[in-house]
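I have placed the structure first, in the form of structure tokens, so that the comments after it can refer back to it.
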Amino acid sequence: MSEPDAPVAPDYRPGFVATIGSPNVGKSTLLNAFVGEKVAIVSPKPQTTRRRLRGILTRADAQIVFVDTPGIHKPLHKLGRTMVREAEQAIPDADLLLFVADVTRLPGDDDVRIARLLVDVRTPLVLAMNKQDLLAPADVLPHTDAYRALGTFADWMMISARRGDNLDQLMRLIVQHLPLSPPLYPADQLTDQTEQAMVAELIREKALKYHEQEVPHAIEVLIEEWEERDNGMIFIEAVVLVEKDSQKGIVIGAKGSMLKKIGQSARQEIEAHLQRKTYLELRVKVRARWREDEEELRRLGYEI
Ligand code: GDP
Ligand code: MG
């Protein structure tokens, strides 16, 4: 780790901001918008984010370490339980909690569950009501009132993570609540994930994009080989895990067409991210019920 280059002002404010919310409300989109780069994958499918990860924004006056978490929901399998625990564990470490909600709809069961989880938490709580770009004018008052009634919020704001509305204002609110201290990370670090973990996630994002229903939930991506060749190219071999033979067929597609499509769009993004020519080889393997198998989950790096 290198030292931050600029001298640190005595009123510098770094801190951990955990985003907490139901699945699909836009937590990862918001984190990416703040950091200014895609460090967390995003998809219209619920439960895309499976692990806690950090996105770091360094400014002249503050360093905000956003902690993206899996959506809090009622889990149906062991993986789901681990995901919810990952999100809950982010709460005690945070200097500020950002409760992210989808303001286009009224609070649902998951929002109420989260509100209950936060009742006794002393950490400042800020409510970010996202997707205001889709909010019908007639719904503004009833919806914002319903969310604000869920808890005791230090501040609240309507935003659009996708369009960028009110993000500067939200950032100002956040910084006010952070403690004084020197920065926590070097100024050029954007995430705590390894390159390999990020690449695995980018591949998973593409695999999710082209599939519906149960398939996205059954997909996991593992990097098996990562080699820098003499010509500067990076050779990556990755395995797409699914749970059933039928899913394997779907992911591979007719004559391999689907896997090729996933590989091509993933490679483009990996190359842009690594700034290197990349050779990406994808294979699909079946691991029955990996989401229920503690051993398997541990091997995949989940904390059980
Ligand atoms: P997460 O599960 O809470 O992390 O949600 P994601 O960030 O993965 O986003 C879920 C879906 O909502 C994706 O399709 C996003 O493009 C979409 N989304 C996120 N923020 C906004 C927003 O401000 N406006 C609109 N219209 N869509 C958004
Ligand atoms: Mg997410």
> What is the Cα coordinate range of region 205-255 on the first, second and third principal axes, sorted by size from largest, in whole angstrom?
Replying inline: 41, 22, 19
> region 13-176: Rg/Rh from Cα coordinates, Kirkwood Rh?
Replying inline: 0.93
> Looking at Leu241, Ser160, Val221, which one has the Cα that reaches farthest to the positive end of the dipole of region 148-304 (charges on Cβ: Lys, Arg +1; Asp, Glu -1)?
Replying inline: Ser160
> Which whole number in µm²/s is D for region 1-77 by Stokes-Einstein, with the Kirkwood Rh taken over Cα pairs at 10 °C and 1.306 mPa s?
Replying inline: 116
>> How large a share of the accessible area of the chain, in percent, is made up of carbon and sulfur atoms when the probe is 1.4 Å and the other protein chains stay in place?
In response: 49
>> Please compute the volume of the convex hull spanned by the alpha-carbon atoms of the chain and report it per residue in Å³.
In response: 140
> Cα-based Rg of region 67-143 per 2.2 N^0.38 Å, rounded to two decimals?
Replying inline: 1.19
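What net charge do the residues around Glu269 carry, taking every other residue with its C-beta under 14 Å from that of Glu269, with Lys and Arg at +1 and Asp and Glu at -1?
Numbers: positive: Lys38, Arg204, Lys206, Lys209, Lys261, Arg267, Arg276, Lys277; negative: Glu37, Glu195, Glu201, Glu205, Glu271.
Computed value for this residue: +3.
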> Given a cut-off of under 8 Å on Cα pairs at least six residues apart, what relative contact order in percent is computed for the chain?
Replying inline: 18
>> Counting only Cα atoms, I'd like the Rg/Rh figure for region 195-299, Kirkwood definition for Rh.
In response: 0.98
> Tilt of helix 78-93 relative to the longest C-alpha principal axis of the chain, in degrees (0 to 90, nearest 10)?
Replying inline: 40
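Would you mind working out the accessible area per residue for region 134-275, using a 1.4 Å probe, and quoting it in Å²?
53
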>> How far apart, in nanometres, would the label points at Arg59 and Asp139 be if each is projected 7 angstrom from Cα along the Cα-to-Cβ direction?
In response: 3.0
> All other residues with a Cβ under 14 Å from the Cβ of Glu237 taken together, and with Lys, Arg as +1 and Asp, Glu as -1, what is their net charge?
Replying inline: -1
> Using only helices, what value at 222 nm comes out for the chain when you add -39,500 (n - 2.57) per DSSP H run of length 4 or more and divide by the total residues, to the nearest 500 deg cm²/dmol?
Replying inline: -10500 deg cm²/dmol
>> Relative contact order for region 195-299: what percent, with Cα pairs under 8 Å and sequence separation of 6 or more?
In response: 29
> Taking region 192-292, how many lysine pairs are there with alpha carbons less than 13 Å apart, if each pair must be eight or more places apart or span two chains?
Replying inline: 5
> How much length is gained on full extension from Gln89 to Tyr279, taking 0.36 nm per residue of separation minus their Cα-Cα distance?
Replying inline: 64.7 nm
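Compute, for the chain, the length of the dipole vector about the Cα centre, with Cβ point charges of +1 (Lys, Arg) and -1 (Asp, Glu) only. Units Debye, rounded to 20.
So the dipole magnitude of the chain works out to roughly 920 debye.
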> So, counting K/R as plus one and D/E as minus one, what does the shell of residues with Cβ under 14 Å around Glu227 add up to?
Replying inline: -4
> Any idea what Rg and Dmax come out to for region 105-247 if you just take the C-alpha atoms, in Å?
Replying inline: 21.0, 61
> In percent, how large is the relative contact order of region 13-176, given Cα pairs closer than 8 Å and 6 or more residues apart?
Replying inline: 24
> Longest exposed-loop-site-free stretch of the chain, with GluC sites (Glu not before Pro), DSSP loop and at most 15 other Cβ within 10 Å?
Replying inline: 38-211
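The values are calculated or read from the model by the stated rules, or taken from the named source; none is laboratory data. Values in this document were obtained by computation on a predicted structure and should not be read as measured data. Every residue, glycine among them, receives a Cβ derived from its backbone with ideal geometry; neighbour counts consider all protein chains shown. Protein only, heavy atoms only, side chains kept; ligands, DNA and RNA dropped before computing areas. Shrake-Rupley method; radii C 1.70, N 1.55, O 1.52, S 1.80 Å.
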